Every structure is written in structure tokens, then in C-alpha cells.
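This report refers to the structure that appears directly beneath it.
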Amino acid sequence: MKQVKLVAVLAVALTALFALGASAASAALPEFLPVGTKATFTSKSGKGTLETVGGKKITCEDDTNSGKITGAKTIEVTINFLGCKAEGFAANTKGDAEGHILVTCTGQLGYLSKASKDVGLGLKCGEIHIEVFGDLILILVRFKNLGIIGLVTPLNSSKTGPFVLSLKQTKGVQEFTKFEGEATSSFAESALNSGAFEQAGEETSDEITFSEAVSIDG
């Protein structure tokens with residue numbers, strides 16, 4: 001009888017441990033796998049537009065990017081926007097060639113919806129100082145909280161790529177402005193010639209290829 005009771009107790013304990021382990025694993029998602037990967041990546045997109053709620057736009061013909069995974073949910077990336085214009089003139093970050101906007105950003109994975117298993121990537125860049133028509137027009141772009149958030153696909157598929165980051169906006173408002181459970185909105189904002197900042201949204205689609213097989217699990 002004692003042996004039966006002992007087996008029953010062990011069974012209950014193992015079940016509890018299994019449930020706890022599954023819960024802990026689930027709580028860690030979304031994340032990059034395999035655990036500890038430091039894979040590098042390159043990515044590219046077609047035409048992109050940053051638009052403010054007031055209708056001001058910065059457009060770029062395409063971009064080329066390079067970066068690396070830095071943690072279970074995080075990345076670093078350098079983005080080189082090409083063929084950029086604002087106010088009808090070529091635009092560039094200070095010291096860069098005409099039409100080139102160069103930025104460095106950090107990224108973080110998060111759930112847009114746990115129920116539908118939609119995962120997003122928030123990109124937060126340092127302040128971007130843009131010159132237009134020489135330095136007659138100056139634009140400052142900055143990022144609040146997680147920055148700009150887009151949908152990442154596909155999930156739960158181990159491969160080098162392509163993965164797609166889709167950023168959508170309507171009249172300066174990003175499609176997604178927070179991860180599920182976040183209390184504070186995330187967005188970009190832009191100011192022209194030291195004027196008032198206006199909320200801004202980015203529209204583009206980026207294809208990402210990793211140096212080794214990676215899965216974005218969610």
C-alpha cells in the first residue's frame with residue numbers, strides 16, 4: 001500500500017513539474033530559437049514612407065540592412081535607406097551621401113495577440129537628424145517606448161528565411177502601437193525646423209535572411 005501511495009505522489013509531483021515547465025516555456029514566448037543563437041542577418045525592402053499625422057512625408061526608394069540577434073527576444077540592426085526625399089528634395093542624415101539616411105536601431109519581439117498568435121517586432125532607433133536641400137530644412141525623428149511596431153511572419157518555422165516584417169500606417173498612425181498587455185503606446189514622431197513634434201507612422205515591408213536556421217516561436 002505504501003508503495004502505491006508513493007507512486008501516486010511521484011506521479012502528481014511529475015505532473016506538476018511538467019505543467020510548471022510548460023507554463024515557464026510558454027511565458028518566455030515569443031523568442032528566437034535555438035536558445036542562445038547569435039545569428040546575424042541581412043534584410044531589404046522596397047519603397048518606404050514615414051508620414052506624420054499632419055501629412056508631412058519622408059520617402060525612400062529602398063533600404064539595405066544588417067544586424068544580429070542579441071538575446072532571446074532582441075536584435076540590433078543598422079538600416080541604410082536609399083533614394084530618400086522630403087519636401088520634394090533629397091534628404092540625408094548629417095555627413096552621409098545625398099539621399100542616404102543611415103540609422104542604428106534595437107528591436108524587441110512581443111505578442112500583438114496571444115489568442116491568434118500574432119507576433120510583432122518593435123524597432124527603436126536613436127534620434128535621426130535629417131538634412132534637406134543642404135541644411136536649409138532640418139528634420140528630427142525620434143522614437144517613444146518600443147518605437148515602431150510591425151507584424152513578423154512566419155512563426156514556428158526553422159529556416160534562414162525569408163522572414164517578413166510588415167509595417168503599416170494610416171495618416172501617421174501605426175497599425176500597431178503597443179504589444180498586448182502594454183499600458184503605454186509606442187510610436188515615432190517628427191519635427192520640422194525645430195517645430196512641434198507630430199506622431200508619425202512607417203509603411204514598408206522588409207524581407208529578412210539569417211546566417212543560419214532560426215525560428216521565431218510564438
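The values are calculated or read from the model by the stated rules, or taken from the named source; none is laboratory data. Computed from a prediction, not measured in an experiment: that's the story for all the values here. A quick note on method: Cβ atoms are made from the backbone with ideal geometry, for glycine too, and the neighbour counts reach across all protein chains shown.
What single numbered condition from (1) surrounded by fewer than 22 Cβ atoms within 10 Å (Cβ to Cβ); (2) part of a strand (DSSP E or B) fails to hold for S190?
With (1) surrounded by fewer than 22 Cβ atoms within 10 Å (Cβ to Cβ); (2) part of a strand (DSSP E or B) applied to S190, the lone miss is (1).
Let me confirm something: among E203, E182, which residue is part of a strand (DSSP E or B), charged (D, E, K, R) and in contact (Cβ under 8 Å) with a residue 60 or more places away in the chain?
E203
Each row is one residue, and each column tells you yes or no for (1) in contact with a Phe, Trp or Tyr (Cβ under 6 Å, 6 or more places away or on another chain); (2) closer than 16 Å to L109 by Cα; (3) modelled with pLDDT of 95 or more.
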site: S158; (1), (2), (3): no, no, yes
site: P162; (1), (2), (3): no, no, yes
site: K171; (1), (2), (3): no, no, yes
site: K178; (1), (2), (3): no, yes, yes
site: S194; (1), (2), (3): no, no, no
site: G201; (1), (2), (3): no, no, yes
site: A213; (1), (2), (3): no, no, yes
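Within region 90-109, can you find the residues that are surrounded by 15 or more Cβ atoms within 10 Å (Cβ to Cβ) and in a strand (DSSP E or B)?
Across region 90-109, the qualifying residues are A90, A91, N92, T93, I101, L102, V103, C105, T106, G107, Q108, L109.
Answer yes or no as to whether N156 is of a type in the set (S, T, N, Q) and more than 24 Å from G55 (Cβ to Cβ).
yes
Of all residues in region 146-169 being surrounded by fewer than 19 Cβ atoms within 10 Å (Cβ to Cβ), in contact with a Gly (Cβ under 8 Å, 6 or more places away or on another chain) and not hydroxyl-bearing (S, T, Y), which is farthest from A183 (Cα to Cα)?
N156
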